[in-house]
Amino acid sequence: MSIRNVLMVVSLVLSVLIGLVVHTNSTSNTATASTSTKEKGSGKLLIGFSMDTLKEARWQVDRDSFVKRAKELGADVEVQSANSNDTQQMKDVNTLLTSGVQVLVIAAHDGKAMAKAVGLANKAGVPVIAYDRLIYDSNLDMYMSFDNEKVGELQAQYLVDHLPGGKGSIVCIYGSPADNNAKLFKKGQDKVLAPLIKRGDIKIVRADWAEDWKPENAKRIADAAITSGKFDAVLASNDGTAGGAIQALTEAKLSNVLVTGQDSELAACQRIARGAQSMSIYKPIKTLAAVAAECAVKMATGKPIVAKDVTNNGKIDVPSILENVDIVTKDNIPQTIVKTGFHSYDEVYGDLPANQRPPKP
Ligand code: BGC
């Protein structure tokens, strides 16, 4: 048995004795949660959800699905949104801890800065779930997200498959440099593109990070690329940045440029339906949010949680649940988006002339 395993078993035994939080059993790759050290009265469960932003449609869906599931399980949720500001997010976490939340769920604006917030929660005996974005170098209890490297792979592979002869020049718009996910998307994209760049088939004509994932920052990157010369595709890391890039392309009257995205936001699905955006990624965020709410309630009540994956955050191996992702294109929107109830047929196709709409699935 390795030293780490011995420590884990010891901490598991200790947790049973003194009622600590989540521990990884690395041999069976499962995680078990014991009760939070917060005083448990007979009152209602209270979960704190500290969010980076609610400005993108995606995060409103996360919030609503999380709160709905928590309510069904008898828990109240206090939600704070930091408007992409680290100081504000620290304040929000303090407010939530002061409110007496029994579990803290954090969608971090900055994966490094929020390690402090996890430390505060640790001191208060409140378990922490990193929601969708990993928080580095901290004693997290759980991490829940998607297969983010695969997102990047699917985006880049789409371009390679749709550029004539698999050749062309690409503008890369990465996400927020403070978001671990943005790095994972890039890692997946690089994995696909690196051999083709080496072979000379693909040329990256501009690559930059869109601070805070803002569409206006993505637009600036696309504007600069348009000014510098021609390109065939924009590898935008999400739908928000794709929207910014498409605005720049539209203003410059450029068509036939492939543009990727991610999140399957309604606006992006509408753009895909009318041919302005090439693809997006469907991530079952309603499921992720619901499962996160279930895990939070389990943590608050000391019930075991099974987490199939483990992610190292620079300090510990964090028990993780990582959901799968799918590609979304014009052809499969009816199946992936409409049939799953993510957006309705009328929402996606309502603005299109009847003869341009696909049959209802
Ligand atoms: C998420 C994306 C989202 C982006 C901007 C990332 O961490 O994985 O789904 O589009 O943040 O909010």
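The values are calculated or read from the model by the stated rules, or taken from the named source; none is laboratory data. Model, not experiment: these values are computed from the prediction. No Cβ is skipped: glycine too gets one built from the backbone with ideal geometry, and neighbour counts run over all protein chains shown.
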Legend entry - Selection status of S264, within 12 Å of the ligand (Cβ to nearest atom), in a loop (DSSP other than H, G, I, E, B) and either within 25 Å of V105 (Cβ to Cβ) or without any contact (Cβ under 8 Å) to a residue 40 or more places away in the chain (or both): yes
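Please find, among D346, D331, the residue that is modelled with pLDDT of 95 or more, more than 16 Å from the ligand (Cβ to nearest atom), in a loop (DSSP other than H, G, I, E, B) and more than 25 Å from D132 (Cβ to Cβ). Outline the logic, then answer.
Working: D346 fails: in a loop (DSSP other than H, G, I, E, B).
Within the list D346, D331, the selection yields D331.
Here is a yes/no grid of residues against (1) under 30 Å from E78 (Cβ atoms); (2) within 24 Å of the chain's Cα centre (by Cα):
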position	(1), (2)
I204	no, no
D208	no, yes
E211	yes, yes
K219	no, yes
D223	no, no
I226	no, no
E251	no, no
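Here is a list: A268, A242, A273. Which entry is touching a Phe, Trp or Tyr at 6+ places or on another chain (Cβ under 8 Å), crowded, with 20+ Cβ neighbours inside 10 Å and either at pLDDT below 95 or not charged (D, E, K, R) (or both)?
Just one listed residue meets the conditions, A273.
Give the residue, chosen from V205, V234, V171, V128, that is among the β-branched types (V, I, T), in contact with a Phe, Trp or Tyr (Cβ under 7 Å, 6 or more places away or on another chain) and surrounded by 24 or more Cβ atoms within 10 Å (Cβ to Cβ).
On the way: V205 fails: surrounded by 24 or more Cβ atoms within 10 Å (Cβ to Cβ); V234 fails: in contact with a Phe, Trp or Tyr (Cβ under 7 Å, 6 or more places away or on another chain); V128 fails: in contact with a Phe, Trp or Tyr (Cβ under 7 Å, 6 or more places away or on another chain).
On inspection, the qualifying residue turns out to be V171.
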Legend entry - Test for Q189: is it under 20 Å from the mean Cα position of the chain (by Cα), free of Cβ contacts under 8 Å to residues at least 60 places away in the same chain, crowded, with 24+ Cβ neighbours inside 10 Å and under 21 Å from P215 (Cβ atoms): yes
Inset, instruction - Report those strands (runs of 3 or more DSSP E) wholly inside the range 19-117 carrying at least 1 residues which are surrounded by fewer than 19 Cβ atoms within 10 Å (Cβ to Cβ) and modelled with pLDDT of 95 or more. - result: 45-51, 75-81
Inset, instruction - Return the pairs, sorted by first residue and then second, in which the second residue is of a type in the set (A, V, I, L, M, F, W, C) and away from the ligand (no atom under 16 Å from the Cβ), the first residue lies in the range 212-237 and is outside the structural domain of G188 (by TED's automatic domain parsing) and assigned to a helix (DSSP H, G or I), the beta carbons are less than 7 Å apart, and the residues are 6+ apart or on different chains. - result: none
